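The structure appears right after this line, and notes come after that.
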Amino acid sequence: MSRQLISSGSPFEAQVGYSRAVVQGDWCFVAGTTGTDPETKTMPDSVADQAANALKVIGAALDEAGFAFADVVRVTYYITDPAYWDELGQATAPVFGTIRPAASCVVAGLIKPNMKIEIEVTAFKG
């Protein structure tokens, strides 16, 4: 079974030693992705904007791996404040509303204070 490593070019990938995504057989595992704008490299203030940026990066990784959001079977959201839950849906419902993967949400600290959300997904094609 072949293993494919996907990189988004983030400096953290080499620094910490991980891949944006790993494809193993019919599975694609996308690493936790925060909300830095992939073009400007800035972090917006809104959790919805951060989530939208994270989903752009995740979507690009899935696409490069030969997967799509429709293949996502599991999503985990890490938010730094439970008050963000309601706003989060502005970005996630348009992407996952009809797909409806299994989901979890964890309130946790993230590695930088301006990060409000991190999203990771698992996709399956079989």
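The values are calculated or read from the model by the stated rules, or taken from the named source; none is laboratory data. This is a predicted model, so every value here is computed, not measured. As a convention, Cβ positions derive from the backbone with ideal geometry for all residues, glycine included, and neighbour counts pool all protein chains shown. Please note that ligands, DNA and RNA were not included when accessible areas were found on the heavy atoms of the full protein model with its side chains. Shrake-Rupley method; radii C 1.70, N 1.55, O 1.52, S 1.80 Å.
Brief remarks follow.
- Checked against the criterion of being among the β-branched types (Val, Ile, Thr) and under 30 Å from residue 86 (Cα atoms), the stretch 17-30 has at least one qualifying residue.
- Among the residues of the stretch 81-126, those identified as part of a helix (DSSP H, G or I) and either over 17 Å from residue 70 (Cβ atoms) or modelled with pLDDT under 95 (or both) are 82, 83, 84, 85, 86, 87, 88, 89, 90, 91.
- Residues that are over 14 Å from the mean Cα position of the chain (by Cα) and closer than 16 Å to residue 58 by Cβ were ranked within the stretch 5-17; the one that is modelled with the highest pLDDT is 5.
- For the stretch 1-22, the candidate set comprises residues that are assigned to a loop (DSSP other than H, G, I, E, B) and under 16 Å from residue 111 (Cα atoms); within that set, the residue that is most open to solvent (accessible area, probe 1.4 Å) is 18.
- Within the stretch 68-114, tally of residues that are surrounded by 13 or more Cβ atoms within 10 Å (Cβ to Cβ) and under 14 Å from residue 52 (Cβ atoms): 11
- The stretch 23-72, residues that are assigned to a strand (DSSP E or B) and either touching a Ser or Thr at 6+ places or on another chain (Cβ under 9 Å) or at pLDDT below 95 (or both): 23, 24, 27, 28, 29, 30, 31, 32, 33, 72
- Of the residues making up the stretch 37-58, those that are touching a residue at least 24 places away in the same chain (Cβ under 8 Å) and closer than 30 Å to residue 3 by Cα are 38, 50, 51, 52, 54, 55, 57, 58.
- Filtered by the rule that a residue be open to solvent by less than 30 Å² (accessible area, probe 1.4 Å) and closer than 23 Å to residue 18 by Cβ, the stretch 40-56 gives 50, 51, 53, 54, 55.
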